[in-house]
Amino acid sequence: MRPAPPGPRSSASPSRKRPRGGPKAVNERAIDIPARAALIAARADDELEQLVAISSPSGDVPGAEAALSLCASWLPAEAIVERVPCSTPDSADDLVARVRGTGSRRVLLLGHVDTVVSHAAHVPPRRVGDRLYGPGTVDMKGGVVLAVELARALADHPSLFAELGVLLVTDEEWRTVQFQHVDRFAGWDACLCFEAGELTDDGVWGVVVRRKGAGALRVRASGRAAHSGSAPHLGVNALLALCGAAIAVAGTADPDGPEQLTVTPTMMHAGEALNVVPASGELLFDLRSRDVTAFARVRDAVPASLGGASLEATLERVWPAMDSEAATIPLLAAAGARVGRPILARARGGASDASHFAPTIPLTVDGLGPRGGGAHTPGEFVSLSSLVERAELALALALAALED
């Protein structure tokens, strides 16, 4: 592993433009996709190990700063780098990089550097055969290094684009507030997001053009404390009320219905001591649906009280659904023609920041990152051999999106 490069350039840094005249300008629009993809993959292999070595859980400012500093050092020399406020208060600022070109179209490359893994649970990256294991390898530091390297590749050909943007956020894994960056890129021609990639059993490359909407439902219970040994009958057990709510509300799920609604209890806390009837507690549900209006019905299914304990339900996070399948049919066909193989439109249940951009950028495609598995678990990994194939895919999609 090579030493980490210096920190990020700011928007006030001196510009380091490459000359545009001479022989380079003659063949500026020609990119040898297999050759450039091999170069991207070689660099990304090393960069990913460095990035995964940095522990950057959501909400941790020093970790995010270290990760973004490293990413900024790999950006094109022409990039103007800004740090802009994160959507989530008290988080490290997000990174926006822009490269100006002489073409007519604008494309955004999107990723996040935060992980769900705490500092205490963080482990150094390790290689086992074709796999690189470590927190955030596939979700989504593997995609981040591909996005940065794609930006470097496109920046060598400024006649391809009017503007190239890179957005790296620090709060994707835990954001519960309004996403702040949609207006910044409204009207751009394409958004390419680098969450984990897919490969069908038949070896067909897949990209994500449909995602369910995501929601977080919090249920708070208020009961009454009492001694659990001598007078449990005087208490009102908030824990039992939450258990009843978990079973009742989970029953509203309809995964095979038209909305593909899932309602999953994921976290519960109640009680402060072994010998006290729990007087309060809370329960969290993860909600997914093709239609986010279904979440209000789930909230309304929470009873006002159970077993004498009162219940209060709040929707704390609603991420929009994404459906860019129809709009991207010509794009996927054009990109497939560039690499001589089909590119399959896929749906995925997991949430992504691409969903926020799809309503204002119809050509939004996700799942461009490398393939792997075990996201959000100690066994998370990236398949290193997939770096080159996903680099080819990302190059082909970007070039097709930039065609006039």
Report task. Any residue in the range 340-365 that's outside the structural domain of residue 178 (by TED's automatic domain parsing) and over 27 Å from residue 264 (Cα atoms): show its pairings with residues that are assigned to a loop (DSSP other than H, G, I, E, B) and among the charged types (D, E, K, R) at Cβ separation under 7 Å, as long as the two are six or more apart or on different chains. Result -> none
**Report entry** Out of 199, 164, sole residue that is of a type in the set (A, V, I, L, M) and surrounded by fewer than 18 Cβ atoms within 10 Å (Cβ to Cβ)
**Finding:** 199
Query raised in the report: Hey, does the range 115-130 have a residue that's crowded, with 23+ Cβ neighbours inside 10 Å and within 20 Å of residue 391 (Cβ to Cβ)?
Result: no
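Residue-by-condition table, conditions (1) under 20 Å from residue 165 (Cβ atoms); (2) assigned by TED's automatic domain parsing to the domain that holds residue 376; (3) in a strand (DSSP E or B):
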position	(1), (2), (3)
70	yes, yes, no
86	yes, yes, no
90	no, yes, no
96	yes, yes, yes
Query raised in the report: In the range 169-185, is there at least one residue being basic (Lys, Arg), buried (at least 20 other Cβ atoms within 10 Å of the Cβ), out of contact with any Cys (no Cβ under 8 Å at 6 or more places or on another chain) and under 22 Å from residue 90 (Cα atoms)?
Result: yes
Report task. Please work out if residue 221 is surrounded by 19 or more Cβ atoms within 10 Å (Cβ to Cβ), small (Gly, Ala, Ser) and within 28 Å of the chain's Cα centre (by Cα). Result -> no
Query raised in the report: How about the range 88-101: which of its residues are surrounded by fewer than 20 Cβ atoms within 10 Å (Cβ to Cβ) and not charged (D, E, K, R)?
Result: 89
Query - Qualifying residue in the range 364-383 (condition: more than 19 Å from residue 112 (Cα to Cα), at pLDDT 95 or above and touching a Leu at 6+ places or on another chain (Cβ under 7 Å)) - result: no
Query raised in the report: With respect to residue 152, is the statement that it is basic (Lys, Arg), assigned by TED's automatic domain parsing to the domain that holds residue 187, within 23 Å of residue 214 (Cβ to Cβ) and out of contact with any strand residue (DSSP E or B) (no Cβ under 6 Å at 6 or more places or on another chain) true?
Result: no
Query raised in the report: Do the conditions hold for residue 369, that is, is it assigned by TED's automatic domain parsing to the domain that holds residue 114 and buried (at least 24 other Cβ atoms within 10 Å of the Cβ)?
Result: yes
Query - Residue list for the range 242-261, restricted to those being among the β-branched types (Val, Ile, Thr) and surrounded by fewer than 19 Cβ atoms within 10 Å (Cβ to Cβ) - result: 247, 252
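The values are calculated or read from the model by the stated rules, or taken from the named source; none is laboratory data. Computed from a predicted structure; not experimentally measured. Please note: Cβ atoms are built from the backbone with ideal geometry, for glycine as well, and neighbour counts cover all protein chains shown.
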